[in-house]
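The values are calculated or read from the model by the stated rules, or taken from the named source; none is laboratory data. Everything quoted here is computed from the prediction, not taken from an experiment. Neighbour counts run over all protein chains shown; Cβ positions are idealised from the backbone, glycine included. Calculation scope for accessible area: heavy atoms of the full protein, side chains included, ligands and nucleic acids excluded. Shrake-Rupley method; radii C 1.70, N 1.55, O 1.52, S 1.80 Å.
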Amino acid sequence: MVQIVFSGVAPGIALLTYFYLRHEHESEPVGYILRSFIFGILLVFPLMFIDYIVQTEFGGREEVQLIRTAITEEFAKWFVVFYTVYIHQRFNDYYDGIIYAVACSLGFATLENILYLMVNGTVEHMLFRALLPVSGHALFAVIMGFFMGMAKFSPHPYRWLSLSIALPVFAHILFNLLILENGGISFLPIVFMVILWTIGLFQVRGANRLNRRFKRKKQHSDGIE
């Protein structure tokens, strides 16, 4: 049991630590990050209940179920990040969207991972969950958070906010369908994960670069005053 819990928690904590340390501007308070992580955990059981009700009432093929799951999960995480962080003053740089979205998403993925491993606790499943689903949740969140950061400092935020929900949903749907069609650790899901990591790291660097530019502009305007 201890091994399963550790194996379920370790990937999420490792990924969260990595993205937290990539924040070059000013690190967010750990308490706020932990709060978003806990909010993500709290989403698991309500979403499982919703998924059960929808499946009972409407049924559908497995592909349809996976599409519905991707939509509800990403919308729920987006909703939490938007109303607990985005609309508040502490969301004050481009990277904040990434770290808070990743924290919420990994909270969700961590509990989901533990529950899954309690049923399928083999070494193969532990490796599969760490490399693909948990990492996937983190990288969907990077996409979400990057565009939330763009929205926060844009004169046209709704365009970026639309992308912040639409693109993670699309990526999650595609990921689920690739796993369904190709099985666990197989070629196409791994290629897709490499693409997601490439995009995610590009967006991490982009958010930090935008922060540096924003800081220089602010220092310049303060100097003029």
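Which of the residues that make up segment 89-109 are among the hydroxyl-bearing types (S, T, Y) and open to solvent by less than 10 Å² (accessible area, probe 1.4 Å)? Residues satisfying the conditions are Y95, Y100, S105.
Evaluate the following for L139: is it open to solvent by 20 Å² or more (accessible area, probe 1.4 Å), in a helix (DSSP H, G or I) and either among the acidic types (D, E) or touching a residue at least 12 places away in the same chain (Cβ under 8 Å) (or both)? No: the conditions fail for L139. The set of residues in segment 1-30 that are within 19 Å of V85 (Cβ to Cβ) and open to solvent by less than 50 Å² (accessible area, probe 1.4 Å) comprises G12, L15, L16, F19, H23, E28.
Consider R205 carefully, then state whether it is modelled with pLDDT of 95 or more, part of a helix (DSSP H, G or I), out of contact with any helix residue (DSSP H, G or I) (no Cβ under 7 Å at 6 or more places or on another chain) and open to solvent by 30 Å² or more (accessible area, probe 1.4 Å). Walk me through it before giving the result.
Details: modelled with pLDDT of 95 or more: yes; part of a helix (DSSP H, G or I): yes; out of contact with any helix residue (DSSP H, G or I) (no Cβ under 7 Å at 6 or more places or on another chain): yes; open to solvent by 30 Å² or more (accessible area, probe 1.4 Å): yes.
Judged against the criteria, R205 is a match.
Consider E74 carefully, then state whether it is touching a residue at least 24 places away in the same chain (Cβ under 8 Å) and in contact with a Pro (Cβ under 7 Å, 6 or more places away or on another chain). In short, yes.
I need the full set of residues from segment 1-32 which are part of a loop (DSSP other than H, G, I, E, B) and more than 22 Å from R212 (Cβ to Cβ), in order please. Outline the logic, then answer.
At the first step, the residues of segment 1-32 found to be part of a loop (DSSP other than H, G, I, E, B) are 1, 22-29.
M1 - this is the single residue of segment 1-32 that is part of a loop (DSSP other than H, G, I, E, B) and more than 22 Å from R212 (Cβ to Cβ).
Step by step: first the residues of segment 1-35, then only those that are β-branched (V, I, T) and out of contact with any helix residue (DSSP H, G or I) (no Cβ under 9 Å at 6 or more places or on another chain), then the one that is nearest to C104 (Cα to Cα). Which residue is that?
Taking segment 1-35 first, the residues β-branched (V, I, T) are 2, 4-5, 9, 13, 17, 30, 33.
From the residues that got through so far, the ones that are out of contact with any helix residue (DSSP H, G or I) (no Cβ under 9 Å at 6 or more places or on another chain) too are 2, 17.
Values: V2: 24, T17: 13 Å.
Selected residue: T17.
Quick one: which residue in Y86, Y52 is surrounded by 15 or more Cβ atoms within 10 Å (Cβ to Cβ) and either more than 26 Å from R209 (Cβ to Cβ) or touching a residue at least 60 places away in the same chain (Cβ under 8 Å) (or both)?
Values: Y52 fails: surrounded by 15 or more Cβ atoms within 10 Å (Cβ to Cβ).
Going through Y86, Y52 in turn, the sole match is Y86.
Do you know which residues across segment 169-202 are open to solvent by less than 40 Å² (accessible area, probe 1.4 Å), closer than 16 Å to S135 by Cβ and either in a helix (DSSP H, G or I) or touching a His at 6+ places or on another chain (Cβ under 9 Å) (or both)? Scanning segment 169-202 gives A171, H172, F175, N176, L178, I179, G184, P189, F192, M193, L196, G200.
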